[in-house]
Amino acid sequence: MKIAIISPNTAHLHEMAHVLQERSHQVLSFEGGKTRMPAIAEQERPDLMVVDGMCCDPADLAPVEAVTTRYPRTAVLLLCAQQTPEFLLQSMRAGVREVLPSPAPPQALAEAVQRIAAKLPDGVQERAHGQVMAFLPCKGGSGATFLAANLAWALARSHSVLLIDLNLQFGDALAYLHEGKPASTLADVARDLHRLDASFLAASTVKVAPRLHVLAAPEDAIHAMEVEPGHVNAIVQLAAAHYDFVLLDLGRVLDPLALGMLDKAQYIVPVLLPNLAAVRNAQKLLRMFHDLGYPESRLHPVLNRVDRRHDIGLAEVRKTLGLAQQQWRAVPDAPQEVQAAINAGMPLAESARGGALARELAAWAEALSPGANEDSGGFLHRLFRRA
Ligand SMILES: Nc1ncnc2c1ncn2[C@@H]1O[C@H](COP(=O)(O)OP(=O)(O)OP(=O)(O)O)[C@@H](O)[C@H]1O
Ligand SMILES: [Mg+2]
């Protein structure tokens, strides 16, 4: 759901946003009081408004009633430090769905939002939530970008996919799929963040294939510096509500931006080559993920450029790094196929159809989409169908 939260208290805003984002809602936070409700309802048309800082005076309910009357598709949930029976009754009469204490206990907030979501019209509650996959190389040149780009291509055969290049300074993901420069980049979207909605996001991407959009990295390092973690967070959150898959190509630097993305990703994909230095780095990375409290089930490492002639194979690597067999993928080394694709500036599946690596990428895409649902009915699906 698209949820607008309003509170005079920044700590409350932050906590609530965290609870709701974790449950895949699109959250917009506004600092202030109930008087902001009508303007926000008009501008954002959220599915739900969560309004904090209501005292128990029924006279406070005037802006609430204005919103519930004018925007019947927007549900309202109030947070109120003290609740008198009279206030509760008046709130219900004003069209409020639920009243919770303030600050709202996270579990109670999540449950109330869930109850409200269950009663929304079908189109809203059924809105598809895309899978976010974050790719990161365990060492430079591991193939993280190459795999993210080519898996995106394979997934886009039956899903809508957005690939976001988060190597802000030296991003090159687009070059693996497409020749030519992007008309706009992540830096342009970040700069105009107030315009962010699904159509602005789609318009800022390069349409590499009907269902594959790429949001390219900024063209120069100065623009890259203007991109902040908050910008990227908002972009990825919106993208996940509109695309089936959002693939993030992270660089080697684990800065606050990258950590924010790893927090969001359902699939964390560290990519390593079969050599000792890479395995050591991967070990550090996995230990860090453990310390950050990420469940192991989100980790899906890839051993790239596996060659049967190598001493180190997947079995050896797994012995050192652990995780269940089904969490790992081994991708074959295919220098000629890869070079031909890079030289042609096109996806591997197009330049080396039927090769071992192209088959592996197709199988990977297939494994990610059991019971592939061709039509999630979202805004972008309609857009893609028209395209
Ligand atoms: N399976 C593969 N077989 C053969 N070559 C590969 C394979 N995967 C990647 N490569 C080669 O490795 C090179 C580096 O890959 P890539 O740019 O994806 O690295 P990376 O992990 O993103 O590193 P960084 O972002 O630090 O530069 C590619 O240009 C490609 O030539
Ligand atoms: Mg890279």
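The values are calculated or read from the model by the stated rules, or taken from the named source; none is laboratory data. Everything numeric in this text was worked out from a predicted model, so none of it was measured. As a convention, Cβ positions derive from the backbone with ideal geometry for all residues, glycine included, and neighbour counts pool all protein chains shown. Areas reflect the complete protein model, heavy atoms only, side chains present, ligands, DNA and RNA absent. Shrake-Rupley method; radii C 1.70, N 1.55, O 1.52, S 1.80 Å.
Considering only PRO270, PRO101, PRO347, the mean-square fluctuation computed in a Gaussian network model of the chain, springs between alpha carbons under 10 angstrom, is largest for PRO101. Note on the chain: Lys pairs 8 or more places apart or on different chains, Cα atoms under 19 Å apart, count 6. For the Cα trace of the stretch 2-119, dividing Rg by the Kirkwood Rh returns an Rg/Rh value of 0.91. Normalised by the number of residues in the stretch 131-383, the mean separation of alpha-carbon contacts (under 8 Å, six or more apart) gives a relative contact order of 27 percent. Look at the dipole of the stretch 131-383 built from charges on Cβ: of GLN266, VAL306, ALA149, the Cα furthest out on the positive end belongs to VAL306. Spatially, the stretch 264-334 and the stretch 2-17 are offset by 38 Å when compared through their Cα centroids. If I take R0 = 35 Å and measure r between the Cβ atoms of GLN114 and GLN325 in this structure, what FRET efficiency does the formula 1/(1 + (r/R0)^6) give, to the nearest 0.05? Efficiency for this residue pair is about 0.50. Bridges between two residues of the chain, per DSSP, are antiparallel at a rate of about 5%.
Candidates VAL113, ALA209, LEU247 compared by Cα position along the dipole of the chain: farthest toward the positive end lies ALA209, with charges placed on Cβ. Taking other residues whose beta carbon is less than 10 angstrom from the beta carbon of VAL214, and scoring Lys, Arg as +1 and Asp, Glu as -1, yields -1.
Comparing mean-square fluctuations of TYR294, TYR176, TYR243 from a GNM of the chain with C-alpha springs under 10 Å, the top value falls on TYR294.
Counting 0.36 nm for each residue step from LEU254 to GLU86 and taking away their Cα separation leaves a gain of 55.3 nm. Against the criterion of solvent-accessible heavy-atom surface with a 1.4 angstrom probe, LYS119, LYS284, LYS139 sort, most first, into LYS119, LYS284, LYS139. For a Förster distance of 22 Å, can you work out the FRET efficiency between the beta-carbons of ALA363 and ALA277, rounded to the nearest 0.05? Efficiency computed from Cβ-Cβ geometry: 0.20. For the stretch 2-119, the relative contact order comes to 24 percent (Cα pairs under 8 Å, sequence separation of at least 6). Binning the alpha carbon pair distances of the chain at 20 angstrom intervals from zero yields the distribution 27, 51, 20, 2, expressed in whole percent. Could you pull out which residues in the stretch 152-170 have an amide N less than 20 Å from a spot 7 Å beyond the Cα of GLU350, following the Cα-Cβ vector? The answer is 152-165. Taking Cα centre as origin and charging only the Cβ of basic (Lys, Arg, +1) and acidic (Asp, Glu, -1) residues, the dipole magnitude of the chain rounds to 800 debye. A simple spin-label model places the labels of LEU292 and ALA221 2.5 nm from each other, with each point 7 Å out along Cα-to-Cβ.
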